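> Starting off with a structure, shown below.
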């Protein structure tokens, strides 16, 4: 059994992937209506022993509409004219998605505005107020 190495800690078994070939729209000339070149790659994220709970949860949020209710990730690849290239493309996109899910995002540290930025904001506010004040009706003395 072959394993697809995603990161040093994550490797997916080939048997966990399910591929279906369907007819694609787009480039292909006369072949487009005869040959099923588009690839639909399905990966059961919910039941995969290769993934940790953290990666599963992140994958679910990153995948969005590509994830079914049952926890199956579906990737459609129909960019190229050949089955092989679409297959490679689907697998590469799956690997990229899992790698992105495996990375822990750096937490945002809240910062306070600088003194200079506060002053600039107040100056532009007062300039704007003067512009608006000048638009009113002229006062008669």
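> What 222 nm value per residue comes from the helices of the chain, counting each DSSP H run with n ≥ 4 as -39,500 (n - 2.57) and dividing by all residues, nearest 500 deg cm²/dmol?
The helix contribution divided over the chain gives -12000 deg cm²/dmol.
> Next question, about the same structure. Normalised by the residues of the range 1-108, what does the relative contact order come to in percent, with Cα pairs under 8 Å and at least six apart?
Across the range 1-108, relative contact order equals 26 percent.
> Quick check on the exposure proxy: order 127, 60, 65 from fewest to most C-beta atoms within 10 angstrom.
Taking fewest neighbouring Cβ atoms as first place, the list is 65, 127, 60.
> Eigenvalues of the Cα gyration tensor times 5, then square-rooted: what semi-axes does that give for the chain, in whole angstrom, largest first?
53, 25, 13
> Let me ask another. For the chain, set up a GNM with springs between Cα atoms under 10 Å and report which of 129, 101, 46 has the largest fluctuation.
The residue that fluctuates most here is 129.
> Could you check the spin-label model distance between residue 119 and residue 74? Points 7 Å from the Cα along Cα→Cβ, value in nm.
5.9 nm
> Report the residue, chosen from 72, 35, 131, that carries the largest GNM mean-square fluctuation when the chain is represented by alpha-carbon nodes joined by springs under 10 Å.
Sorting by GNM fluctuation, first place goes to 131.
The numbers here are math on the coordinates, done by the rules we state, and not lab data. All values reported here derive from a predicted model rather than from experimental measurement. When we count neighbours, we look across all protein chains shown, and the Cβ atoms used for this are built from the backbone with ideal geometry, even at glycine.
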